[in-house]
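All remarks here apply to the structure that follows.
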Amino acid sequence: MTQLTDTHDNADDGLQTLFKNLPGMAYRCLNLPHWPMSFVSEGCEALCGYSSQELETQSILWGDFTHRHDVAEVDRQVREAAACDQPFEVEYRIVPRLGPNKWVWERGRVVGRSADGTAIIEGFITDITSLRNAELMVNEQRAQLAHVERLNTLGEMTAAIAHELNQPLTAIAMYSKSANLLAQQGQYNKLLEVMEKVTQQSHRAGAVIERMQAMSYQTSHQQDQVNPTQLLREIKDLAQIEAQVRHFTIDLKLPAHLPLISCDPIQIQQVILNLLRNGMQAMQTHQCAPGSAIELSAIVEQQQLWITVADQGTGIEDSMKETLFLAFSSNKHTGKAAGMGLGLTIGKAIIEAHGGRLNYRNLASVGTSGAEFFFNLSLDAQETI
């Protein structure tokens, strides 16, 4: 008998030591309004400022200092769990005897019933104020970061507008000078052709502006049913101006028939024109011979339309692999100068918004010079045109 008593005393001592070291308080209470306590561990005073004796004699009830805005929700959750004999977890605020309000986390469950059927609950309550404050700080930092990212996006969009408008505006300026010279020389028969080119480039600039305006009002891109053969031919015609200035040619390689695709033709046009422009810059830096060709091609594989732009420059340096598609990165050694990174970043985003992937490879791997960029678009229809 003495041995059993000693064992019981040792167990009680162990529990008391455990309760003293808990980062919070253990309790037993009745599931009645304001939760009258019949047992509270010593940690309660550090938690709420009231002694275990005050709570156990019910001179004050736990619900008396539960925050008035939280007490009804806590009561609802505890009652719902008690009715189903399920454990509950709840976070709420308390108003301690001294000091600022605290956030606490409580876990408990019904362990029995009193003679009148009232649920008896045992559980544990601990201070999570520091955790809550840390979460609040993280959320504030995330909000600040999102604000900064929005500002960065606005800056990139501004740069994108300038980048995309630069090509048609440069062409307009060049053709205007040519028109002025032709007028001075009296070559009026050629003047009409040049003015048509100016009009064409003006429409192109207008289309870019319209697309930027549309993007500011909606997040989704406008998709149309597009004939890729016609689209690629139009893109070649637009890029041919710059190719002639650089003394290069554009080699368009297409199969006899291509299926329709669903895409935003203006955005896809922007992507391909940027790739052609980058490629020609690389070829010019590489001092490719006059008449050298940059290739624009398309094929269909596994219900995908693959579009490729292959240049004859020096290719992409290994050091650029990780940053090539990041905003404002550049590859000056290959002639892909400042601004290319932004164009590729925008291009990658456009293609991914269409459900495709924009990628590249160096052509040195197949025994030639240069690089090719390629991307895929899903087919819109099974029949070819």
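Check whether at least one residue in the range 212-226 is buried (at least 17 other Cβ atoms within 10 Å of the Cβ), under 34 Å from the mean Cα position of the chain (by Cα) and at pLDDT 75 or above, and report yes or no. Among the residues of the range 212-226, at least one is buried (at least 17 other Cβ atoms within 10 Å of the Cβ), under 34 Å from the mean Cα position of the chain (by Cα) and at pLDDT 75 or above, which makes the answer yes. For the range 292-307, taking the residues that are surrounded by fewer than 18 Cβ atoms within 10 Å (Cβ to Cβ) and within 27 Å of the chain's Cα centre (by Cα), the one that is modelled with the lowest pLDDT is identified as Q304. Residues that are surrounded by fewer than 18 Cβ atoms within 10 Å (Cβ to Cβ) and touching a residue at least 24 places away in the same chain (Cβ under 8 Å) were ranked within the range 242-251; the one that is farthest from the chain's Cα centre (by Cα) is H247.
Do we find that Q230 is loosely packed, with under 15 Cβ neighbours inside 10 Å and modelled with pLDDT of 90 or more in this structure? Against the criterion (loosely packed, with under 15 Cβ neighbours inside 10 Å and modelled with pLDDT of 90 or more), Q230 qualifies.
For the range 36-60, the set of residues classified as part of a loop (DSSP other than H, G, I, E, B) and either among the small types (G, A, S) or within 18 Å of D127 (Cα to Cα) (or both) consists of S41, E42, G43, G49, Y50, S51, S59, listed by residue number.
Among the residues making up the range 85-134, a single one is assigned to a helix (DSSP H, G or I), among the hydroxyl-bearing types (S, T, Y) and either under 17 Å from H67 (Cβ atoms) or over 38 Å from the mean Cα position of the chain (by Cα) (or both): T129. Hey, any hits in the range 297-304 for a residue that's acidic (D, E), out of contact with any helix residue (DSSP H, G or I) (no Cβ under 7 Å at 6 or more places or on another chain) and either under 20 Å from R246 (Cβ atoms) or not assigned by TED's automatic domain parsing to the domain that holds I351 (or both)? No, because not a single residue in the range 297-304 is acidic (D, E), out of contact with any helix residue (DSSP H, G or I) (no Cβ under 7 Å at 6 or more places or on another chain) and either under 20 Å from R246 (Cβ atoms) or not assigned by TED's automatic domain parsing to the domain that holds I351 (or both).
The values are calculated or read from the model by the stated rules, or taken from the named source; none is laboratory data. Everything numeric in this text was worked out from a predicted model, so none of it was measured. Don't worry about glycine lacking a Cβ; one is built from the backbone with ideal geometry, like all the others, and counts go over all protein chains shown.
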